[in-house]
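The next block holds one structure in the form of structure tokens; read it before the comments.
Please treat every number below as a calculation from the coordinates, not as lab data. Worth saying up front: this structure is predicted, and the values here are computed from it rather than measured. FYI the Cβ positions are ideal-geometry reconstructions off the backbone, even for glycines, and counts take in every protein chain you see.
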């Protein structure tokens, strides 16, 4: 079955710096890759997603890149702010499943220091 | 802004007892999901539900678990005889269609003692 690996597990950056989180997936049939942000005591919230027919997607300070050949995708946050501090999860769909049937990575705890 | 709501926020139960976790998905959503997150670990898919039946389930979702949509608004997860290792945060999610984003609730923390 699908397996998603995520690195690093923790990431600390200075406010204003960029942060990059990387994920790899195992099943080439997966075709949808969302990124979720989870703040303390809350559920995961979708921040950006990408489909397998696109190589890059950007939304203000957040961008995601996808390399289907290498089966990896990355989240890029530029000009980080303290409110970006949270746990970020990448995910991939179960092949043949709906976009809610997700396999998650283990998460990256991002700390942005003022 | 519409959101997925879950109750209770925290449930403590004795080992062997049955628990029912409740979720109210976003009103026009047709696909429903349950996930769990053991403390410090990744979020794990349990089950997806569409048109009043299970569409997909993981290996975790064994005979101890069941889901139901008892009325037009609630979506429930029942654990028949809880075990210590069922202690986790349980998240409900919903989406409009199969190919649209899933929205998560704030979770129910289940503690089995």
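Roughly speaking, what is the stretch gain from residue A:113 to residue A:56, that is 0.36 nm per residue apart minus the C-alpha to C-alpha distance, in nm to one decimal?
Working: separation 57, 0.36 × 57 = 20.52 nm, distance 2.77 nm.
Contour length minus the Cα-Cα distance gives 17.8 nm.
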Within 10 Å of the Cβ of an average residue in B:41-48, the count of other chain Cβ atoms is 6
Long-range alpha-carbon pairs in chain B, meaning those over 22 Å apart, account in percent for 25 percent
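Using 1/(1 + (r/R0)^6) with R0 = 41 angstrom and r between the beta carbons of residue B:113 and residue B:51, what's the FRET efficiency to the nearest 0.05?
Values: r = 37 Å, r/R0 = 0.90.
The calculated FRET efficiency here is 0.65.
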Order these by the 10 Å Cβ neighbour count, fewest first: A:75, B:39, A:102.
B:39, A:75, A:102
Considering the Cα positions of the protein assembly as shown, please state its Rg to one decimal place and its Dmax as a whole number of Å.
17.4, 51
Put a dot 7 Å past each Cα toward the Cβ at residue B:38 and residue B:62; how far apart are the dots in nm?
1.3 nm
Just checking the output field for A:39-51: average partner chain Cβ neighbours within 10 Å of each residue's Cβ?
3
For the stretch B:68-111 and the stretch A:15-81, compute the distance between their C-alpha centroids and round to whole Å.
24 Å
Can you tell me the relative contact order of chain B? Whole percent, Cα pairs under 8 Å, sequence separation 6 or more.
38 percent
Picking from A:43, A:16, A:55, which is most flexible by a Gaussian network model of chain A using Cα springs under 10 Å?
A:43
Could you tell me whether chain A comes out rounded, prolate or oblate from its Cα gyration tensor? Rule is a ≥ b ≥ c as square roots of the eigenvalues, rounded for a/c under 1.5, then prolate if a/b exceeds b/c, otherwise oblate.
prolate
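Quantify how strongly other chains surround peptide B:103-110 by giving the mean number of their Cβ atoms within 10 Å of each of its Cβ atoms. Please list the in-between numbers first.
Working: counts 5, 8, 3, 4, 5, 0, 1, 0.
Average neighbour count from other chains, rounded to a whole number: 3.
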Each label point is 7 Å from the Cα along the Cα-to-Cβ direction; what then is the distance between the points at residue A:15 and residue B:13, in nm?
4.4 nm
